[in-house]
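Data first, discussion second: the structure below is written as structure tokens.
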Amino acid sequence: MAILLFPGQGSQTVGMGKDLYDASPEAQNWFQKADDVLGFSLSKIMFEGTEEDLKQTRVTQPAVFLNSFIRYQLNKESFENKAVAGHSLGELTALTANDVLSFEDALRLVSQRAEAMQDACDNTDGTMAAILGLEDAQVENICTAIDDIIVAANYNCPGQLVVSGTKSGIESAVAKATEVGARRAIVLNVNGAFHSPLMSSAQERLEQAIKNTKFNQPSVPIYQNVTANAETDAEAIKANLISQLTSSVRWTQTMKNMMADGHEKYIEFGAKVLSGFLRKVDRKIDVTQV
């Protein structure tokens, strides 16, 4: 029995998924389905695109979703899942693996989410920064003291918190974090302020898309980003998913809650990002990657 983990945006790599396509007719079928649903050749961009091609949000999010989902599909008979969780975008992959969403509906939602977020990025002057080596409370205090839109966006693991907001707010936060002893404080190469109030227009569009999509009851609990708690009610899952775009990804809290709930084994699909975060909480944790 294991908890299945699905990474989010930022885990993409050039050539991602090509190994699956070359080795498995079933994988080829999933890639073709995705191309058909999206109306463009996502697979071609994944296999042959440059790093810049893959950085486009409209490409990145469906690509990360598809890569993780196919790896799950090809290996799901070899384990029994006890719960699921995903980081930001990965929450949609987790819901699909959990039978809450059909593959087609999930991919459409991912695509709509990506387009809405890209438009919000284009219409706001935002960015993000990673703060390493400070306590969460220190970073939260820095954000509160800045007279600008800036929030704690991604609680990735102890000692690593990503902040999100206006470019001027982020510059102030980086300077202040460095001043109070952060090991590193770096502006990220992203084109917007994800998981902040600057994503409110994207949230409104995603809310409508989610309301028009069928959600089934989950087969196992899903730990959600907004609350960091396990959820089993479809309506609550939808509400949390809508809130996620402007709320913090509480991944540190999620990991601690999963461990406190007695979960001991974890499997990550598509990257080694979340595995690394888990080991920051417990170096001896039983986590594998597919």
Name the residues in the stretch 272-290 that are under 24 Å from LEU74 (Cα atoms), open to solvent by 20 Å² or more (accessible area, probe 1.4 Å) and touching a residue at least 60 places away in the same chain (Cβ under 8 Å), would you?
VAL273, GLY276, VAL290
Tally the residues that are small (Gly, Ala, Ser) and assigned to a helix (DSSP H, G or I), restricting the search to the stretch 130-139.
1
By residue number, the members of the stretch 98-129 that are part of a helix (DSSP H, G or I) and hydroxyl-bearing (Ser, Thr, Tyr) are SER111
Give the residue that is surrounded by the most Cβ atoms within 10 Å (Cβ to Cβ), with candidates limited to residues of the stretch 29-48 that are assigned to a loop (DSSP other than H, G, I, E, B) and small (Gly, Ala, Ser).
SER41
Pair list, Cβ under 8 Å, 6 or more apart: the stretch 1-28 residue assigned to a helix (DSSP H, G or I), other residue open to solvent by 10 Å² or more (accessible area, probe 1.4 Å) and among the charged types (D, E, K, R)
LEU20/ARG71
Looking for something in contact (Cβ under 8 Å) with a residue 40 or more places away in the chain, open to solvent by less than 60 Å² (accessible area, probe 1.4 Å), farther than 22 Å from GLY165 by Cα and assigned to a loop (DSSP other than H, G, I, E, B) - is there at least one such residue anywhere in the stretch 195-211?
no
In the stretch 223-269, which residue that is open to solvent by less than 20 Å² (accessible area, probe 1.4 Å) and in a loop (DSSP other than H, G, I, E, B) is nearest to PRO197 (Cα to Cα)?
ASN225
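The values are calculated or read from the model by the stated rules, or taken from the named source; none is laboratory data. These numbers were taken from a predicted model, which means no experiment stands behind them. Neighbour counts are summed over all protein chains in view; Cβ atoms, including those assigned to glycine, are modelled from backbone coordinates with ideal geometry. Heads up: the accessible areas ignore ligands, DNA and RNA and are worked out on the full protein's heavy atoms, side chains in. Shrake-Rupley method; radii C 1.70, N 1.55, O 1.52, S 1.80 Å.
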